[in-house]
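J.: Below you will find the structure I want to go over with you.
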Amino acid sequence: MRKILYLLIFSILVPFLTSCSSEEPKLSIRTDIKTYMLELSSVQGITMTPQLEAKEQTKDIEYTWSTTEGGFINTIKNESQKEITNTGEPVLWSPTLDTKKEKSSLIEVTLKAKKNDRVIAESKITIEETTGVYKVIE
């Protein structure tokens, strides 16, 4: 009788406990290159793409990118911005030599729900500069 009672309790608790452990979405930043030199490069900067790992399909979301140094290049307007918001497309980061203050740039991307501005996930990388060479540190 005891075995049946334990088996019954166990069979009820296991599905309940496993359904409660939902994984949070994971966001990371993928870069096309790990090292960049402004003077010797044929490209404008480092392309960054958000990588979202989520069990459920996420809808009505937006990604907000920010940087402490350098900027995100808008190739249509030919301008650099410290912050940009999009729906998950790759962004192009480039150093701006005239405003350089620090030897490293912190790049952050935040994934938010559009309707309530709730933060779903965040990710950060650092780009360190040494004598004109920019290296991605993850």
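The values are calculated or read from the model by the stated rules, or taken from the named source; none is laboratory data. Keep in mind the model is a prediction, meaning the values are calculated, not measured. We place every Cβ from the backbone using ideal geometry, glycine too, and count neighbours over all the protein chains shown.
J.: Restricting to the stretch 115-130, count the residues that are more than 16 Å from the chain's Cα centre (by Cα) and either within 20 Å of PHE72 (Cβ to Cβ) or among the small types (Gly, Ala, Ser) (or both).
T.: Within the stretch 115-130, residues that are more than 16 Å from the chain's Cα centre (by Cα) and either within 20 Å of PHE72 (Cβ to Cβ) or among the small types (Gly, Ala, Ser) (or both) number 2.
J.: Pull up the stretch 47-89, narrow it to residues that are outside any strand (DSSP E or B) and polar (S, T, N, Q), then point me to the one that is surrounded by the fewest Cβ atoms within 10 Å (Cβ to Cβ).
T.: Filtering first and then ranking leaves GLN57.
J.: Could you list all residues from the stretch 115-134 that are exposed (fewer than 12 other Cβ atoms within 10 Å of the Cβ) and either acidic (Asp, Glu) or over 21 Å from GLN44 (Cβ atoms) (or both)?
T.: If the condition is that a residue be exposed (fewer than 12 other Cβ atoms within 10 Å of the Cβ) and either acidic (Asp, Glu) or over 21 Å from GLN44 (Cβ atoms) (or both), then LYS115, ASN116, ASP117, ARG118, VAL119 are the ones that fit.
J.: Can you name every residue in the stretch 120-138 that is in contact with a strand residue (DSSP E or B) (Cβ under 6 Å, 6 or more places away or on another chain), assigned to a strand (DSSP E or B) and closer than 30 Å to LEU38 by Cα?
T.: Answer for the stretch 120-138, where residues must be in contact with a strand residue (DSSP E or B) (Cβ under 6 Å, 6 or more places away or on another chain), assigned to a strand (DSSP E or B) and closer than 30 Å to LEU38 by Cα: GLU122, SER123, LYS124, ILE125, THR126, ILE127, GLU128, VAL133, TYR134, LYS135, VAL136, ILE137.
J.: So which of THR110, THR67 ends up being within 13 Å of the chain's Cα centre (by Cα), over 19 Å from LYS26 (Cα atoms) and at pLDDT 95 or above?
T.: The match here is THR67.
J.: Moving to a separate point now. For the stretch 113-134, which residues satisfy the criterion of being under 21 Å from ASN86 (Cβ atoms) and among the hydrophobic types (A, V, I, L, M, F, W, C)?
T.: Those that are under 21 Å from ASN86 (Cβ atoms) and among the hydrophobic types (A, V, I, L, M, F, W, C): ALA113, VAL119, ILE120, ALA121, ILE125, ILE127.
J.: Let me ask something else about it. Determine if the stretch 90-99 includes at least one residue that is surrounded by fewer than 12 Cβ atoms within 10 Å (Cβ to Cβ), out of contact with any helix residue (DSSP H, G or I) (no Cβ under 7 Å at 6 or more places or on another chain), in a loop (DSSP other than H, G, I, E, B) and of a type in the set (Ser, Thr, Tyr).
T.: no
J.: Quick check on the stretch 103-119. Is at least one of its residues on the phi > 0 side of the Ramachandran plot, assigned to a loop (DSSP other than H, G, I, E, B) and not charged (D, E, K, R)?
T.: Scanning the stretch 103-119, I find no residue that is on the phi > 0 side of the Ramachandran plot, assigned to a loop (DSSP other than H, G, I, E, B) and not charged (D, E, K, R), so the answer is no.
J.: Report the residue count in the stretch 71-96 for those that are under 18 Å from ASP32 (Cα atoms) and touching an Asp or Glu at 6+ places or on another chain (Cβ under 9 Å).
T.: 6
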